[in-house]
Amino acid sequence: MKTIHRINSVDIYSSLKYFFWFLYALPFFTIVSIPFAYYVKGWDWDRSLTLAPIVAFVALSIFIVLPTIIMHLSHYFSNKDLIVEIDRINNKVTFIKDSEYSYRFSKLKAELHTPIYHKNKLDKRNRWLTPWSNYSYLNVITSDKREFNISSILIDSSKFPIEIESTHYALWPSIRNWKIDHEIY
């Protein structure tokens, strides 16, 4: 049975799930900024009403919207035309973009690069959720010294047939090029 994976609207929406939660909360944060500026910061009431929502909106745009858009675009453009074909009968994975690369499952290693928020499941440290916490990527290393970076907007790591050997956590798991060739000397 072959399954073909490419970027689609369902996976894009699921990657943006946390971002939409933050966008839905934006009016709440804007309204809460008024009493915060008045009571905590000591601004007068007129200044709190006029400036606090603007400051909150600009701050949220810079620290939430902009980083998420950058993360999304980097993952999208890295895997834009990539097709990953998984053949579970013949135990093969094929990467198709400009050219075709086929490998047996036994010739591949996989590493997961994911946001540090997901490390909470291991050590219960209560790290904060970020709008880009849904973005991760698989680094698939082949026996012929190639690396393929597969974004979570293309395929979920749990659906990939290769067992993940290691997991790397980062605040900002930015993806690299979809394919990296390491020359053998």
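No value in this document is a laboratory result; all are computed from the given coordinates. As the structure is a prediction and not an experimental result, all values here were calculated from the model.
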Check: Too long at a 20 Å Cα-Cα cut-off: which of Lys97/Lys179; Lys17/Lys92; Lys109/Lys159; Lys107/Lys179; Lys119/Lys179?
Finding: Lys17/Lys92; Lys119/Lys179
Item checked: Debye log10 I(q)/I(0) at q = 0.14, 0.17 Å⁻¹ for the range 79-121, Cα point scatterers -> -0.48, -0.63
Checklist line | the chain: calculated mean residue ellipticity at 222 nm from DSSP helix runs of at least 4, using -39500 (n - 2.57) | finding: -10000 deg cm²/dmol
Note to self: Which three numbers, in whole Å and largest first, are the semi-axes of the equivalent ellipsoid of the range 7-90 derived from its Cα gyration tensor as √(5λ)?
What the structure shows: 42, 12, 8
Notebook entry, point to check: Helix 66-78: angle to the longest alpha-carbon principal axis of the chain, degrees 0 to 90, nearest 10?
Noted result: 10
Check: Amide H to amide H, which residues 5 or more places from Lys179 or on other chains are under 5 Å from it, using H placed in the peptide plane?
Finding: Asn149
Item checked: Translational diffusion coefficient (Stokes-Einstein; Kirkwood radius from C-alpha pairs) of the chain at 4 °C, 1.567 mPa s, in µm²/s -> 70
